[in-house]
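Note sheet for the following structure.
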Amino acid sequence: MNFKTLVFYGSYRSDRQGIKAARFIINQLQQRNHEVIFVDAKEYDFGILDRMYKEYDTGHAPAKMEELAEHIRTADGFVVVAGEYNHSIQPGLSNLMDHYLEEYFFRPAGIVSYSAGGFGGVRAAIQLRSFLSEMGMTTISSIFAISKIGESLDEAGVSQAIALTKRVGQFLDELEWYEEALQRQRLEKGNPF
């Protein structure tokens, strides 16, 4: 089965280490025949949230915001790649994602977290789980944490640790299970509200 999966990434830093994690997961999804849309907060630079997408009159949202809304509405699922800033979610990521709400409903999300240290960004991932749930997404139970991002992946996102490549399969199996199940429910029964 083919899936359309959006990969969200929220770092604005000039020396972005997390881009390696994004490249890694994009490559893994493409190997599994996903149509991948990379949603980089730096590219979709909407500025600090002033008006949500839904607050614009139909046809009057900025073109890039409209484009992303259509990608979100037609996605089967999401992977959110998140670094840990002060034990929390990156502000660029939450700001980007906060521009939308109903567009996310009833789709699964997998969390890929990372950090320079040994914890792999899991403190941000735990907060991100609540954040995504509040936006109407079902988060899968697995968190794919990448510790020591500078050593674990090269610039192209190629794993330097065999354990990452082994673990990612189970993570994506779970995501795809939810993508298929929720896709079927939306097609057969629609959304409950």
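The values are calculated or read from the model by the stated rules, or taken from the named source; none is laboratory data. Keep in mind that this is a model prediction, so the values were computed, not measured. With ideal geometry, Cβ positions are generated from the backbone for all residues, glycine too; neighbour counts draw on all protein chains shown.
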Requested in this report: With the condition kept exactly as written, say whether any residue in the range 80-88 is under 25 Å from Gln183 (Cα atoms), touching a strand residue (DSSP E or B) at 6+ places or on another chain (Cβ under 8 Å) and of a type in the set (Val, Ile, Thr).
Outcome: yes
Report task. Identify the residue in the range 62-108 that is of a type in the set (D, E, K, R) and not in a helix (DSSP H, G or I) and, among all such residues, is nearest to Glu43 (Cα to Cα). Result -> Asp98
Report task. With respect to Ile48, determine if the residue is farther than 21 Å from Thr139 by Cβ, of a type in the set (A, V, I, L, M, F, W, C) and touching a Ser or Thr at 6+ places or on another chain (Cβ under 8 Å). Result -> no
Requested in this report: Quickly run through the range 38-61 and pick out the residues that are in contact (Cβ under 8 Å) with a residue 24 or more places away in the chain and not in a loop (DSSP other than H, G, I, E, B).
Outcome: Phe38, Val39, Asp40, Tyr53, Lys54
Query raised in the report: Of all helices (runs of 4 or more DSSP H) completely enclosed by the range 115-193, which ones contain at least 2 residues that are among the small types (Gly, Ala, Ser) and over 17 Å from Arg23 (Cβ atoms)?
Result: 122-134, 162-189
Report task. Specify which of the listed residues (Phe78, Phe131, Phe106) is modelled with pLDDT of 95 or more, aromatic (Phe, Trp, Tyr), surrounded by fewer than 23 Cβ atoms within 10 Å (Cβ to Cβ) and in contact with a Lys or Arg (Cβ under 7 Å, 6 or more places away or on another chain). Result -> Phe106
